[in-house]
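What follows is a set of notes on a single structure, which appears directly below.
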Amino acid sequence: MSMPSVACPPGHEPGASATAVDRPDRRTLAAARLTRARAALAACDLCPRRCGANRLAGERGFCGAVARPRVHLAQVEVGDELELIPTFAVALSGCNLRCVFCITGAQSWNPDAGTVVEPAALAGQAEAALAGGARTITILGGEPTIHVPFLLELVAAMPPQATLVLKTNGYGRAAGRRLLDGLFDVWCVDYKFGNDACAWRLAGVPDYTAEVRASLRHAARHAQLIVRHLLMPGHVDCCWRPVAAWLGAHLPDAKVSLKTGFWPGWQVPHCPELRQPLTPNEVARAHALAAKSALKLVA
Amino acid sequence: MKVLNTRPRAARRPEAAHPDRPLACPAFTSSQGAMPATAGDPNGMATSQTAESPDLIAEVLILPDGQVLAHNVTPAFTALLHQVNPRDPWLMPRRIAATSARSRPQQALARDPTNPDCPSSSPLSRP
């Protein structure tokens, strides 16, 4: 199966994605950045919260992550976008957001969930998955970018021919993003909230809009970009409408994955409007807004 | 996560259920987490969680109007959901992606002697 053709940065055409990144260079890049990435953990500033925790010494900041992440999931999945599946998904524990609707919050919020697994072992599993028919390798969380040093080790260990996908909430800092430049073929970035008030209320995250837009722009320049938005009941106008409008105006070539299977779980009882699933009318209005902004929706 | 627009009927247990974790419909219990890819994996693609990660269980949420919500959809999970509604438009291409893959056994993780947390029989591997 080949990846569908869309506009994207030179060298990252989806049809050539398996060779888009210079593989030996990818390993070299990752290894060369490792010392700098580890140093960042001494006073952690990898995400905009800039808590300054000395993770190397076991201190824990907002996300609770220490120097070495745990893995709470590593399996082949087919639930992602069609151009990525089957994918070998590796989920790292710990997250810098607290979305009340998170459906994997029990693992994602807990940096101690799962198992410590060495990159070489995960790479071995990934290789077997690729040999068994998986097309890509997806690194996700929690939030994987709070574990940049481990990501670098993981990338260096992964099969050179593999198509690597980074799935991130986009709430990161430029310094961390630069450490990941050129290492992943595809960035799947969540654009969850259309305004800072909803971001603060539903995820406890400050300065969301500016930070996620910076991540989106960066990803669009350096890799294939898939923007994901989980449509939320009661948030079509306050969240999806501005998200769609901004994407249409600023990233018109980005692929957009509109998720319409909102799952009223985890801590949504704290938010009345999230206690129910989406209505058909909300889904229809969301698609109309996508069409109005001429978004390139992908399934 | 995705809505499967179907009014579900009873799912049959796939014949190739993993001996260590028979399906017994864990996917239809209420919990947070990821599907241990075990039952009905026709392609040998899944690298599964085991009982060493008991918090990892897939969820399927069936809404009163008959919609089924699912997440962490593995090939094995796809096989199960396919029996619920073979014509679901979201599921069909994913079923094809899962079944078009070649069969190949998965490798177990090697023990890391320097790391006591890394088990010799990995919870992240398929036996």
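Considering A:A74, A:A91, which residue is in contact with a Gly (Cβ under 8 Å, 6 or more places away or on another chain) and either part of a loop (DSSP other than H, G, I, E, B) or open to solvent by less than 10 Å² (accessible area, probe 1.4 Å) (or both)? Give the derivation first.
Working: A:A74 fails: in contact with a Gly (Cβ under 8 Å, 6 or more places away or on another chain).
Going through A:A74, A:A91 in turn, just one is in contact with a Gly (Cβ under 8 Å, 6 or more places away or on another chain) and either part of a loop (DSSP other than H, G, I, E, B) or open to solvent by less than 10 Å² (accessible area, probe 1.4 Å) (or both): A:A91.
What are the residues in region A:229-275 that are open to solvent by 10 Å² or more (accessible area, probe 1.4 Å) and of a type in the set (D, E, K, R), if any?
Passing the criteria: A:D237, A:R241, A:D253, A:K259, A:E273, A:R275.
Run down A:R241, A:R228 and say which single residue is among the basic types (K, R), closer than 17 Å to A:E143 by Cα and not in a loop (DSSP other than H, G, I, E, B). Don't jump to the end; show me each part of the working.
On the way: A:R241 fails: closer than 17 Å to A:E143 by Cα.
Of A:R241, A:R228, the one residue that is among the basic types (K, R), closer than 17 Å to A:E143 by Cα and not in a loop (DSSP other than H, G, I, E, B) is A:R228.
Quick check on this structure: which one of A:E77, A:E13, A:E83 is acidic (D, E) and at pLDDT below 90? Break it down into steps so the answer makes sense when it comes.
Values: A:E77 fails: at pLDDT below 90; A:E83 fails: at pLDDT below 90.
Within the list A:E77, A:E13, A:E83, the selection yields A:E13.
Select from region A:121-133 the residues that are of a type in the set (A, V, I, L, M), touching a residue at least 40 places away in the same chain (Cβ under 8 Å) and open to solvent by 10 Å² or more (accessible area, probe 1.4 Å) and list them in ascending order.
First, the residues of region A:121-133 that are of a type in the set (A, V, I, L, M): A:121-123, A:126, A:128-131.
If we keep only those that are touching a residue at least 40 places away in the same chain (Cβ under 8 Å) too, we end up with A:122, A:129-130.
The answer is A:L130, and nothing else.
Filter region A:178-192 down to residues that are under 12 Å from the mean Cα position of the chain (by Cα) and either assigned to a strand (DSSP E or B) or surrounded by fewer than 24 Cβ atoms within 10 Å (Cβ to Cβ) (or both), then give me how many there are. Explain how you work it out, then say what you get.
Step one: of region A:178-192, the residues under 12 Å from the mean Cα position of the chain (by Cα) are A:184, A:186-192.
Subset that is either assigned to a strand (DSSP E or B) or surrounded by fewer than 24 Cβ atoms within 10 Å (Cβ to Cβ) (or both): A:186-190.
The number of residues fulfilling the criteria is 5.
From the set of residues in region A:134-161 that are touching a strand residue (DSSP E or B) at 6+ places or on another chain (Cβ under 6 Å) and at pLDDT below 95, which is surrounded by the most Cβ atoms within 10 Å (Cβ to Cβ)?
By that ranking, first place goes to A:G142.
In region A:199-222, which residues are touching a helix residue (DSSP H, G or I) at 6+ places or on another chain (Cβ under 9 Å) and open to solvent by less than 10 Å² (accessible area, probe 1.4 Å)?
A:A199, A:L202, A:V205, A:Y208, A:V212, A:S215, A:L216, A:A219
The values are calculated or read from the model by the stated rules, or taken from the named source; none is laboratory data. As the structure is a prediction and not an experimental result, all values here were calculated from the model. Don't worry about glycine lacking a Cβ; one is built from the backbone with ideal geometry, like all the others, and counts go over all protein chains shown. These accessible areas exclude ligands, DNA and RNA; they are computed on the full protein's heavy atoms, side chains included. Shrake-Rupley method; radii C 1.70, N 1.55, O 1.52, S 1.80 Å.
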